[in-house]
Amino acid sequence: MRSNGRRYLNESRYRAYVKYRIIYTLLDLWYDRGANLAELNHVHNSAPLDNVHDCPGRGKVIQGWRIAREKDAIMAEDIQWFKTHCARWDHGGCALLVGVENGRITKIKGDPDGYLNRGYTCPKGRLSAERLDHPDRLKYPVKRVGERGSGKWQRLSWADALAETAAGLNKVKEKYGAKGVAFGVGMPKGLEHFVLIRLANLFGSPNVIASQDICHAPREITGVHTCGFYPLADLHNPTTLVLLFASNPAATNEEGQICSNLDQQLKNGAELIVVDPRRIDYARKAGLWLRLRPGTAHALVLGMLNVVIGEGLYDQEFVAKWTYGFEDLSQQVKDYPPEKVAEITWVSAEDIRAAARKYAAAKPAAIQWGNPIEHDVNAFHVIRGLLCLMAICGNLEVSGGNVNAYEPKIMGLGQFVRADLIPEKPKEMISRHYGVIPRLMTISPAFFRRAILDDVPYPVRGYYAMCTNPLVAWADSKKTYEAFRKLEFMAVADLFMTPTAAMADIVFPVAHQFEMNDIGHYGIGHGMVLARPKIVEPPPECWPDMKIMNELGKLVSSPELWKEDHEEFLADLLQPSGLTYAQFCEKGYLKGPDRFKLYEEKGFRTPTGKVELRLSTAEKFKLPALPSYDGLPEEEDPAYPLILISAKSPNYLISSYRWVKKAREREPEPFVEIHPDTAARYGIADGDEVRIETKYGTIVQKALITDIVAPRVVSAAIGWWFPEGDPARQYDWDKANFNVLTSVGKLGKEYGTPNLKNICCRIAKA
């Protein structure tokens, strides 16, 4: 039977197709009008259709709409479906089904067989393909003409673009040495991140710049020092309680945790405790929501430890055998009774006790923590406190608790990046000067900019960056702008002309994740790698980042250390597994073995062989030995009476997707969330332009009046720039950009972390 040129196996399947297409069409009309703006308010789309409210200028917001599309299997044969995983600019690693018609991607949906997502995918994943054919996409290499940032460009051939980039980097190297050049990366989740580190190592530079000082690295580093590994929440095995601490998987899908796994745990009866200043959707589902004062998380954790230890709720056998410094910790937390902590945190003493008792009693219990923990200068104490809580309650390395994720049989990271070729790297890194906890992979952007602006500890004047937009994404955007203006050479590889790319000397057009073969989640401690095969061909002059760096590497270092074909990197990585890349793609992913309580055989990988509640390395690295509360990240100031925070949008990945039409339709402008009482006090109505001011800068965003935040708290949108803006002004990078309001004047001494939240501010109607 044929209909509209499409073939069906039989009449019953055709009738079923018609039925479901009618339903889907109606729901899609509803959905595309803005129904999925629920995710704008950071809620996931697996909830029932029972929450509807108005959003100014954006129509109705439906909190929670999802319909499974597995029935699309009965669709016409002219759509070819391919399996892959979301990556690169798309955070999270969701398994996807990508539909292709006539060489173009026309449909994207979650793969029901996905290990991480169980069929779910976020708006970014569903909209990924819109970037491929976007009219503003970069299609060929360009060279700056005129002053830096003038927005004037000249087309180059690939040979000339690579040659000029190599010449620019080598010129800086001749003048300042290899360490005078830095290499930068944003949030890719593929091999390009590690090919970049390889490029830096082979060039001779110890400096790779990334925002990992505020994302993942502090938890990873502190975990290694405390218990020998980075503890991931094990939501793949049954748990009895999840403590969601500064994490909203529905909006961020961070750390390999997709909201579908959490939802399944809740469906199976797991309790939920939420710690968050905002009333995220999960707060509605939680048995207990701790709405803490921003910037006081370390006090809250100390209060919970006080209860667990003081009431004898800890795992006494584990503590006696497998912890170091318990008596010291016990003495330390005596200074933080719930009543005292309540005054600091705005969380009642009753709720602090209830949360501590529930977590301690649950066997097992998992703490799913998010990177907002790493967004203030006191991050070290928050992380240490949570690690101590996991340990003394017996939830480390147990199924359904927080576990060490073991890698599958693949090439080791050090071998892949050729760390052996730069043996002096630990001594030469910019960060060495500041005495932060050693980490050989990346360097805090704050230290990088000091090397440019102040020549401390030495001058840096060259920069190659990919998949990053630091002019918007890094703290203290004005300082970033000053630093980029001072560079002697800068090259950027990206999909679109961003504010950062607009300041470069050379800009390379890159292939989208669906236009190249790749391996995802390598090297980030999640215990798996994901297959990401090419789905469609890229435009003729858009190259994968791996190819760009492979060819550039031949010009700035020994050519024999690079590949004839960049895809040989894929084969190298998989060689220990015994699989070809095609075989790997057939399997879909490789996962390391589940190993629980391995410490019973080998102890913990710490100097003491135990979980170090008191750090034995504290003196060596000049670290606090015990978690403590050192006060608010910023001193209170009557001139700035409100507390400024931010929250990631599910429609954008920091500054990415601003050019995607449907994303802009769902969230067309930057909105600042303001409590109704606060708005009334300042004479602000829904949709008004609001001037947000800190000691460091001023921006303007639109008011969204909501009690999702407390009266003393305002939550501003992050990552905003305007692709429709003036290229000569770097697309209005400073108009609504949250990081104009932040500073790097005060940094956490352990990692170089700035305050990205918990900032004193004031507001007024613009």
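The values are calculated or read from the model by the stated rules, or taken from the named source; none is laboratory data. Every value quoted in this text rests on a predicted model; they were computed, and no experiment measured them. Here Cβ is always computed from backbone atoms with ideal geometry, including for glycine, and neighbour counts include all displayed protein chains.
Would you point out the residue of the stretch 714-731, among those that are under 18 Å from residue 696 (Cα atoms) and either at pLDDT below 95 or of a type outside the set (S, T, N, Q) (or both), that is farthest from the chain's Cα centre (by Cα)? For the stretch 714-731, the residue satisfying everything is 714.
Candidates are the residues of the stretch 284-308 that are surrounded by 24 or more Cβ atoms within 10 Å (Cβ to Cβ) and small (Gly, Ala, Ser); the one that is nearest to residue 389 (Cα to Cα) is 303.
Residues that are crowded, with 19+ Cβ neighbours inside 10 Å and farther than 25 Å from residue 567 by Cα were ranked within the stretch 398-424; the one that is modelled with the lowest pLDDT is 405. Taking the numbered list (1) touching a strand residue (DSSP E or B) at 6+ places or on another chain (Cβ under 6 Å); (2) basic (Lys, Arg); (3) surrounded by fewer than 19 Cβ atoms within 10 Å (Cβ to Cβ) in turn, residue 746 passes all entries but (1). Pairs meeting the criteria (first residue in the stretch 586-606 and of a type outside the set (S, T, N, Q), second residue assigned to a helix (DSSP H, G or I), beta carbons under 6 Å, at least 6 apart or on different chains) are 604/227.
Scan the stretch 441-457 for residues that are in contact with a helix residue (DSSP H, G or I) (Cβ under 6 Å, 6 or more places away or on another chain) and not β-branched (Val, Ile, Thr) and jot them down. Correct list: 444, 447, 449, 451, 453, 457. Selection over the stretch 589-622 of residues that are surrounded by 18 or more Cβ atoms within 10 Å (Cβ to Cβ), part of a loop (DSSP other than H, G, I, E, B) and under 29 Å from the mean Cα position of the chain (by Cα) gives a count of 4.
Hey, among the residues in the stretch 264-302 that are assigned to a helix (DSSP H, G or I) and in contact with a Phe, Trp or Tyr (Cβ under 7 Å, 6 or more places away or on another chain), which one's nearest to residue 710 (Cα to Cα)?
Ranking the qualifying residues of the stretch 264-302, first place goes to 283.
Considering 127, 97, the condition of being farther than 30 Å from residue 481 by Cβ and either among the hydrophobic types (A, V, I, L, M, F, W, C) or surrounded by 15 or more Cβ atoms within 10 Å (Cβ to Cβ) (or both) is satisfied by 97 alone.
Restricted to the stretch 153-250, the set of strands (runs of 3 or more DSSP E) holding at least 1 residues that are modelled with pLDDT of 95 or more and closer than 30 Å to residue 358 by Cβ comprises 241-245. When 348, 330 are checked against the criterion of being under 18 Å from residue 273 (Cβ atoms), of a type in the set (Ser, Thr, Tyr) and either assigned by TED's automatic domain parsing to the domain that holds residue 604 or touching an Asp or Glu at 6+ places or on another chain (Cβ under 7 Å) (or both), a single residue qualifies: 348. Only one of the listed residues (246, 178, 167) is among the hydrophobic types (A, V, I, L, M, F, W, C) and on the phi > 0 side of the Ramachandran plot. That residue is 246.
Set side by side, the residues 732, 686, 707 differ, and just one is in contact with a Phe, Trp or Tyr (Cβ under 9 Å, 6 or more places away or on another chain), surrounded by fewer than 23 Cβ atoms within 10 Å (Cβ to Cβ) and not in a strand (DSSP E or B), which is 732. When the helices (runs of 4 or more DSSP H) confined to the stretch 305-353 are screened for residues that are more than 32 Å from the chain's Cα centre (by Cα) and under 30 Å from residue 597 (Cα atoms), those reaching at least 2 such residues are found at 316-322, 326-333.
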